[in-house]
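This report concerns only the one structure given below.
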Amino acid sequence: MSVADYREDMQGCVRCSSCKWVPFNHMKSHRFSGNCPAISRFNFHSYSGSGRMNMGLSVLEGRSELSEKVSEVVYSCQMCGACDTACKSYREIIDITEVLLELRAECVESGQLMVEHMMTLDALKRENNMLGEPKAERGAWAAGLDLKDINKEKVDVMLHVGCRFSYDPELRGSIRRAVRLLREAGLDVGTAGAEESCCGGRAFELGYRGEARNFADDMAARVKASGARYLLTPCSDGFAAFNYLYPLMGIELEAEPVHMVQLLDILISDGKLTLENPLDMRVTYHDPCHLGRMSEPYLGGWKGDKRDRLRSQSRTGRFGIYEEPRRVLGAVPGLELVEMERIKEYSWCCGAGGGVYDAFPEFATWTARERLEEATTTGASAIVTACPWCERVFTDAVGENGFEIKILDVVDVVARAVGLEEEE
Amino acid sequence: MAMTISDEAYRALEEAVGEENACREPAMLDSYCWQPFLNMSTDLWVQRPIAVVLPGSAEEVQEVVRVCNAHGLKFKALSTGWGAHNGPTYDNVVQIDLRRMNRIIDIDEKNMIAVVEPYVCGGELQAEVWKHGLNTHIVGAGPHCSPLAGATSMHGCGNDSIYMSTSSRNLLGVEWVLPNGEMLHLGTPGSDAGWFCGDGPGPSLRGIVRGTSGAFGGFGVFTKAALKLFNWPGPDEIDSEGLILDSTGGLPDCSLFYNCQFSREEDFIEAAYRIGEAEIGYMFVRMVTSEFVLLLMPHLFKKLVKHRAIMDLLDKTMAYPFMILLVGSTERELKYQEEMLNQIVRDCGGMAMKFNNIPPAANLMGMNLLRCTIFGTVFRSGNMFATNLDGNEALTTQTDWCSTMEKAKKRYIQSGGLLDDGSDNPYMITYENNLFGHCETIYLYDQRNPEHLESLEPLGFDTTLAAIEQCNVPLAAFEPVTRTAMSPLAGNFNRWQKEISLAFDPNGVSDTGLYTDEKEPDPEKIPAEKMEHFEWLKARFGRKG
Ligand SMILES: Cc1cc2nc3c(=O)[nH]c(=O)nc-3n(C[C@H](O)[C@H](O)[C@H](O)COP(=O)(O)OP(=O)(O)OC[C@H]3O[C@@H](n4cnc5c(N)ncnc54)[C@H](O)[C@@H]3O)c2cc1C
């Protein structure tokens with residue numbers, strides 16, 4: 001595919017600006033009415049879903065050039081998919097997210113690259129992870145957990161931890177607790193340890209198609225070799241890659257992708273995990289974009305006029321993972337879940353996605369700050385989420401801005417409710 | 001293509017708004033040029049501005065306007081910028097994007113007034129004023145639009161106009177940056193007396209600022225406006241899940257939704273007038289049955305439209321329907337309204353269907369109607385639509401206009417120049433207790449289809465001819481060719497408009513393309529016999545001088 005293949009999508013834009021706001025029926029206040037961090041922060045129309053498509057069409061028609069500035073605008077976007085959902089709230093003919101992905105691939109193709117992304121990609125190629133950490137240390141997080149090694153034995157559930165959980169020392173507790181919870185529920189999972197590598201999803205989002213494919217092929221091969229029926233991940237970015245980007249790339253996985261919150265939900269409702277310890281807390285839940293709207297499965301490329309496409313044949317964002325984390329939190333005794341204004345398919349992004357955390361850290365924290373302010377208005381003492389990238393950027397923003405709110409993973413909440421003892 | 005801006009002028013703009021709020025990157029400027037809506041040309045890109053600026057305050061707007069005056073540039077402001085009328089019509093225009101000016105300055109609950117900046121959209125304002133038991137008028141275009149822009153600069157009708165009137169009538173105090181860079185406060189804010197009145201004490205210039213249609217950005221920049229608010233006895237918030245088509249939430253208890261059907265035009269009109277006399281109704285819209293299929297089920301519509309008998313069944317058996325929302329502050333009031341409605345419909349030989357107890361219908365009509373989100377679905381069938389507008393007139397004029405326009409568009413449908421949309425597809429709404437109303441007939445096309453684009457200008461011209469014959473107002477009254485045609489027929493209004501424009505704008509820095517400019521029709525595009533007919537109409541009805 002190329003930008004040219006999406007000409008009709010771009011020409012279909014009627015310039016209504018729906019892509020700048022939460023779907024209007026869900027608008028509850030002036031303060032939290034926006035859905036797109038980029039247009040909210042930078043204001044020129046070109047930073048919106050519509051504006052990016054308009055620019056793409058202008059470049060495609062030879063009216064203007066894909067300059068350094070244009071590339072900067074293209075990359076000042078978390079690829080959170082909010083514009084796509086808002087546009088699809090009333091029509092089905094434009095796949096904005098796919099246009100944005102193509103624009104990024106075009107930037108790479110024409111050499112309009114972000115230096116920071118080049119460094120990330122270098123690191124990725126060298127160390128197999130997005131953080132540039134030594135590949136030999138990838139499995140260090142699991143020290144002492146005695147996990148099955150999929151390189152040596154077949155497993156039913158293969159755990160793909162993802163780059164951020166593998167290396168971020170502040171998040172390590174969460175992923176270890178997750179494994180201990182699974183044990184508690186009698187579930188044995190296997191990992192690739194030091195052999196695990198990045199899923200390639202972020203590389204695809206950055207437009208580096210070749211690299212993304214290499215990593216995705218690798219991933220698919222590892223899954224196949226493991227014999228697993230389920231590919232379990234606590235990383236929402238990875239989950240979206242498996243459900244959306246892999247099929248978009250034409251890569252089939254031989255195991256069903258499952259996110260950790262989905263599994264926790266099943267284990268709780270099946271009585272395999274008992275949440276006995278009351279938690280007297282008021283929390284709010286942040287829907288990670290890549291667990292929500294961006295994880296909605298790819299439905300195949302549409303040949304022909306998209307006006308002929310039925311609603312059920314287009315991704316609207318409505319079928320992301322929204323209820324499972326809420327059910328899990330709802331099952332915790334004493335815990336009060338209060339909703340923010342922007343939730344589910346119209347959730348506001350944390351700020352970290354799409355390469356923004358690497359290339360535009362201030363913009364990432366600005367976006368996170370906006371979310372933390374929204375969370376604070378609910379009176380919650382913690383914002384709970386289910387993605388290590390969200391947790392990272394929230395933690396940064398809390399630190400820098402003196403917010404009182406705690407950042408927790410759903411796993412952390414469940415572990416406390418189950419009464420899992422803290423590790424030394 | 002636009003000329004480029006000099007470094008000196010650009011630096012002055014940067015100084016006015018801050019470096020990060022000025023832009024002259026061609027691709028970014030082009031993101032302001034893709035404007036297919038109400039674009040009657042075959043090129044859907046409008047003229048590229050030479051720069052875009054994002055002022056954050058009225059003072060910064062003044063600075064930008066002064067820079068334009070000093071450097072021989074023109075300017076054009078936009079609020080949310082939906083439609084080709086936002087685009088420059090000259091090659092030296094600085095586009096003033098008012099997005100950063102998005103504050104709700106005040107909600108005065110007691111006096112039922114909101115003071116807003118240009119980029120507050122209808123949905124945002126409604127969400128806030130509901131919390132005060134108040135409501136704001138939302139134009140039919142939807143909650144994306146700026147209430148300030150509607151009130152000061154362009155049109156202004158909507159489904160709620162029966163109760164909340166049209167935007168221009170809700171305009172109170174105004175803050176206005178004149179084309180010479182001076183600031184003028186109209187009405188009470190002009191004498192520091194609050195925002196409650198547009199006519200003073202303080203300069204009363206509302207009739208200068210805009211008439212029926214507005215100046216379409218050709219007359220300075222409106223930076224604050226006070227708008228009249230209305231009663232809302234409903235909840236602060238309606239929790240609804242889903243997107244438009246799978247919306248939930250239903251209708252609030254204070255409301256009843258009815259669809260009423262009449263088979264004869266005169267019965268429909270009689271019922272509409274009597275509803276007005278009874279002073280009931282919160283929203284009132286006439287749309288035909290097949291139009292709903294077109295909006296909500298475009299795939300089915302595509303099949304149905306080929307079957308004349310089915311289309312006739314949908315549109316001709318009950319040819320004159322209206323949907324009406326009743327809202328009552330008390331149960332008793334609501335009951336009274338309901339009884340009145342049923343009696344009127346019965347007396348006029350119609351049929352009234354209540355939707356509240358049918359959950360799918362109530363869901364569809366709940367938030368989608370109250371926030372006016374459902375009308376966006378008009379883009380689903382064709383991808384693009386356009387309308388023929390008529391003037392704000394007696395209700396009978398509206399129905400006449402529908403039949404005229406149905407005939408006009410049929411010719412283009414038959415030759416493949418438009419999509420077959422099966423009927424006249426009216427969007428008729430009424431103002432202020434149905435004393436008068438407004439009607440558009442919608443037609444559908446695909447902006448990606450060159451054949452369709454070729455039809456737009458000739459059809460627009462046909463509309464103008466028809467409007468002249470029926471003493472009506474065509475859609476493109478703001479467009480220079482239409483204005484040239486219409487002005488001599490209506491007291492040479494444009495001559496006076498030009499005089500006014502010149503008095504306020506001696507250096508000609510506002511982009512007046514859609515406000516006062518004139519242009520003769522293009523003989524290449526308009527067949528000779530139509531031109532002859534046009535000349536004949538001008539000679540017959542027009543006034544010289
Ligand atoms: C699909 C569609 C359907 C529509 N249906 C209706 C309808 O049912 N009823 C109705 O009344 N109207 C309708 N309109 C027109 C609509 O009223 C206006 O577009 C809208 O009210 C203005 O809000 P906006 O934010 O979109 O303004 P914009 O699109 O930003 O501006 C509209 C015009 O006003 C000028 N302008 C805007 N803000 C300022 C300012 N602060 N100072 C000076 N000039 C300014 C602009 O230059 C432009 O010419 C429709 C438009 C569209 C696109």
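The values are calculated or read from the model by the stated rules, or taken from the named source; none is laboratory data. This one's a predicted model, so the numbers in the text were calculated from it and none came from an experiment. Positions of Cβ are generated from backbone atoms using ideal geometry, with glycine treated the same way; all protein chains shown enter the neighbour counts. Ligands, DNA and RNA are stripped out before the accessible areas are found, and what is left, the full protein with its side chains, is counted by its heavy atoms. Shrake-Rupley method; radii C 1.70, N 1.55, O 1.52, S 1.80 Å.
What are the residue pairs meeting all of these: first residue in the stretch B:142-155, first residue at the interface with chain A (Cβ under 10 Å from one of its Cβ atoms), second residue more than 6 Å from the ligand (Cβ to nearest atom) and open to solvent by 20 Å² or more (accessible area, probe 1.4 Å), Cβ atoms under 7 Å, and 6 or more apart or on different chains?
Final answer for the pair search is B:142/B:375.
Residues in the stretch B:373-382: is at least one in a loop (DSSP other than H, G, I, E, B), within 16 Å of the ligand (Cβ to nearest atom) and more than 21 Å from residue B:136 (Cα to Cα)? Quick ask: steps written out before the conclusion?
Just the residues of the stretch B:373-382 that are in a loop (DSSP other than H, G, I, E, B), to begin with: B:373.
Remaining after also requiring within 16 Å of the ligand (Cβ to nearest atom): B:373.
Among the residues that remain, those that are also more than 21 Å from residue B:136 (Cα to Cα) are: none.
Looking through the stretch B:373-382, none of the residues is in a loop (DSSP other than H, G, I, E, B), within 16 Å of the ligand (Cβ to nearest atom) and more than 21 Å from residue B:136 (Cα to Cα).
Run down B:129, B:174 and say which single residue is closer than 30 Å to residue B:330 by Cβ and of a type in the set (A, V, I, L, M, F, W, C). Full working, then the answer.
Values: B:174 fails: closer than 30 Å to residue B:330 by Cβ.
Exactly one of B:129, B:174 is closer than 30 Å to residue B:330 by Cβ and of a type in the set (A, V, I, L, M, F, W, C), namely B:129.
Can you name every residue in the stretch B:63-74 that is assigned to a helix (DSSP H, G or I) and open to solvent by 20 Å² or more (accessible area, probe 1.4 Å)? I'd like the intermediate steps shown before the answer.
Filtering the stretch B:63-74 down to residues assigned to a helix (DSSP H, G or I) leaves B:63-71.
B:63, B:66, B:69, B:70, B:71 - these are the residues of the stretch B:63-74 that are assigned to a helix (DSSP H, G or I) and open to solvent by 20 Å² or more (accessible area, probe 1.4 Å).
Out of the residues in the stretch B:176-226 that are within 14 Å of the ligand (Cβ to nearest atom), open to solvent by 10 Å² or more (accessible area, probe 1.4 Å) and in a strand (DSSP E or B), state the one that is farthest from residue B:494 (Cα to Cα).
The extreme case among them is B:224.
For the stretch B:33-43, indicate whether the set of residues that are in contact with a strand residue (DSSP E or B) (Cβ under 9 Å, 6 or more places away or on another chain), part of a helix (DSSP H, G or I) and either open to solvent by less than 10 Å² (accessible area, probe 1.4 Å) or outside the structural domain of residue B:451 (by TED's automatic domain parsing) (or both) is non-empty.
Among the residues of the stretch B:33-43, not one is in contact with a strand residue (DSSP E or B) (Cβ under 9 Å, 6 or more places away or on another chain), part of a helix (DSSP H, G or I) and either open to solvent by less than 10 Å² (accessible area, probe 1.4 Å) or outside the structural domain of residue B:451 (by TED's automatic domain parsing) (or both), which makes the answer no.
For the stretch A:61-72: of the residues being facing another protein chain (nearest Cβ under 7 Å) and in contact (Cβ under 8 Å) with a residue 12 or more places away in the chain, which is farthest from residue B:33 (Cα to Cα)?
Per the criteria, the residue is A:67.
Output the number of the condition that residue A:76 fails; it satisfies all remaining conditions of (1) of a type in the set (Ser, Thr, Tyr); (2) facing chain B (nearest Cβ under 10 Å); (3) away from the ligand (no atom under 15 Å from the Cβ).
(2)
I'd like the full set of residues that are away from chain A (no Cβ under 12 Å) and either open to solvent by 20 Å² or more (accessible area, probe 1.4 Å) or charged (D, E, K, R) (or both), limited to the stretch B:78-120. Spell out the reasoning first.
Initially, the stretch B:78-120 is screened for residues away from chain A (no Cβ under 12 Å), giving B:88-94, B:96, B:106, B:108-113, B:115, B:118.
Of everything in the stretch B:78-120, those that are away from chain A (no Cβ under 12 Å) and either open to solvent by 20 Å² or more (accessible area, probe 1.4 Å) or charged (D, E, K, R) (or both) turn out to be B:89, B:90, B:91, B:92, B:106, B:108, B:109, B:110, B:111, B:112.
Tell me which residues, restricted to the stretch B:8-24, are closer than 20 Å to residue A:51 by Cβ and open to solvent by 90 Å² or more (accessible area, probe 1.4 Å).
Selection gives B:19, B:20, B:24.
Look at residue B:246 and say whether it is within 9 Å of another protein chain (Cβ to nearest Cβ), part of a loop (DSSP other than H, G, I, E, B) and away from the ligand (no atom under 16 Å from the Cβ).
Working: within 9 Å of another protein chain (Cβ to nearest Cβ): yes; part of a loop (DSSP other than H, G, I, E, B): yes; away from the ligand (no atom under 16 Å from the Cβ): yes.
Spelling it out, residue B:246 is indeed within 9 Å of another protein chain (Cβ to nearest Cβ), part of a loop (DSSP other than H, G, I, E, B) and away from the ligand (no atom under 16 Å from the Cβ).
For the stretch A:18-40, state whether one or more residues are touching a Cys at 6+ places or on another chain (Cβ under 8 Å), facing chain B (nearest Cβ under 10 Å) and among the hydroxyl-bearing types (Ser, Thr, Tyr).
yes
Please state which one of A:316, A:284 is within 11 Å of chain B (Cβ to nearest Cβ), buried (at least 20 other Cβ atoms within 10 Å of the Cβ) and either at pLDDT 95 or above or under 27 Å from residue B:444 (Cβ atoms) (or both). Outline the logic, then answer.
Working: A:284 fails: within 11 Å of chain B (Cβ to nearest Cβ).
From the options A:316, A:284, the qualifying one is A:316.
Return the only residue of B:63, B:25 being among the acidic types (Asp, Glu), farther than 24 Å from residue A:62 by Cα and assigned by TED's automatic domain parsing to the domain that holds residue B:92.
Working: B:25 fails: farther than 24 Å from residue A:62 by Cα.
Within the list B:63, B:25, the selection yields B:63.
Which of the residues that make up the stretch B:142-173 are more than 10 Å from the ligand (Cβ to nearest atom), open to solvent by less than 10 Å² (accessible area, probe 1.4 Å) and over 18 Å from residue B:121 (Cβ atoms)?
Residues satisfying the conditions are B:162, B:165, B:173.
Would you confirm whether any residue within the stretch B:253-260 is among the polar types (S, T, N, Q) and farther than 20 Å from residue B:372 by Cβ?
Quick first cut of the stretch B:253-260, residues among the polar types (S, T, N, Q) only: B:255, B:259.
When the remaining residues are screened for being farther than 20 Å from residue B:372 by Cβ, the result is none.
There is no residue in the stretch B:253-260 that is among the polar types (S, T, N, Q) and farther than 20 Å from residue B:372 by Cβ.
So, in the stretch B:49-62, of the ones that are more than 8 Å from every other protein chain (Cβ to nearest Cβ) and surrounded by 21 or more Cβ atoms within 10 Å (Cβ to Cβ), which residue ends up farthest from residue B:88 (Cα to Cα)?
Filtering the stretch B:49-62 down to residues more than 8 Å from every other protein chain (Cβ to nearest Cβ) leaves B:49-51, B:53, B:55-62.
Now restrict to residues that are surrounded by 21 or more Cβ atoms within 10 Å (Cβ to Cβ): B:49-51, B:53, B:55, B:60-61.
Details: B:49: 6, B:50: 9, B:51: 11, B:53: 14, B:55: 18, B:60: 20, B:61: 17 Å.
Among them, the one singled out is B:60.
Exactly one of (1) of a type in the set (Gly, Ala, Ser); (2) open to solvent by less than 20 Å² (accessible area, probe 1.4 Å); (3) free of Cβ contacts under 8 Å to residues at least 12 places away in the same chain is unmet by residue A:399. Its number?
Exception for residue A:399: condition (2).
Starting from the stretch A:283-306, take each residue that is farther than 26 Å from residue A:369 by Cα and list its partners that are part of a helix (DSSP H, G or I) and hydroxyl-bearing (Ser, Thr, Tyr), counting only C-beta distances under 9 angstrom and pairs at least six apart or across chains.
Here the result reads A:296/A:244; A:297/A:244; A:298/A:244; A:298/A:246; A:299/A:312, each pair linking the stretch A:283-306 to a residue that is part of a helix (DSSP H, G or I) and hydroxyl-bearing (Ser, Thr, Tyr).
Condition (residue is touching a residue at least 60 places away in the same chain (Cβ under 8 Å), open to solvent by 10 Å² or more (accessible area, probe 1.4 Å) and assigned to a loop (DSSP other than H, G, I, E, B)) applied to the stretch B:289-299: is it met by at least one residue?
Among the residues of the stretch B:289-299, not one is touching a residue at least 60 places away in the same chain (Cβ under 8 Å), open to solvent by 10 Å² or more (accessible area, probe 1.4 Å) and assigned to a loop (DSSP other than H, G, I, E, B), which makes the answer no.
Condition check ((1) without any contact (Cβ under 8 Å) to a residue 24 or more places away in the chain; (2) open to solvent by 10 Å² or more (accessible area, probe 1.4 Å)) across all residues:
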residue: A:4; (1), (2): no, yes
residue: A:10; (1), (2): no, no
residue: A:43; (1), (2): yes, yes
residue: A:59; (1), (2): no, yes
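Is there a residue being within 12 Å of chain B (Cβ to nearest Cβ), charged (D, E, K, R), surrounded by 20 or more Cβ atoms within 10 Å (Cβ to Cβ) and in contact with a Gly (Cβ under 7 Å, 6 or more places away or on another chain) anywhere in the stretch A:95-113?
Within the stretch A:95-113 (the criterion being within 12 Å of chain B (Cβ to nearest Cβ), charged (D, E, K, R), surrounded by 20 or more Cβ atoms within 10 Å (Cβ to Cβ) and in contact with a Gly (Cβ under 7 Å, 6 or more places away or on another chain)), the answer is no, since none of the residues qualifies.
Taking the stretch A:22-41 as the search range and keeping residues that are open to solvent by 10 Å² or more (accessible area, probe 1.4 Å) and within 16 Å of the ligand (Cβ to nearest atom), which one is nearest to residue B:27 (Cα to Cα)?
A:34
Which one of these does residue A:150 not meet: (1) closer than 23 Å to residue A:40 by Cβ; (2) touching a strand residue (DSSP E or B) at 6+ places or on another chain (Cβ under 6 Å); (3) away from chain B (no Cβ under 14 Å)?
Unmet condition: (1).
Keeping to the stretch B:319-357, report how many residues are in contact with a strand residue (DSSP E or B) (Cβ under 6 Å, 6 or more places away or on another chain) and either open to solvent by 60 Å² or more (accessible area, probe 1.4 Å) or of a type in the set (D, E, K, R) (or both).
Going through the stretch B:319-357 one residue at a time, the tally reaches 4.
Suppose we filter A:169, A:134 for residues that are open to solvent by 10 Å² or more (accessible area, probe 1.4 Å) and within 22 Å of the chain's Cα centre (by Cα); which single one remains?
Details: A:134 fails: within 22 Å of the chain's Cα centre (by Cα).
Unique residue meeting the criteria: A:169.
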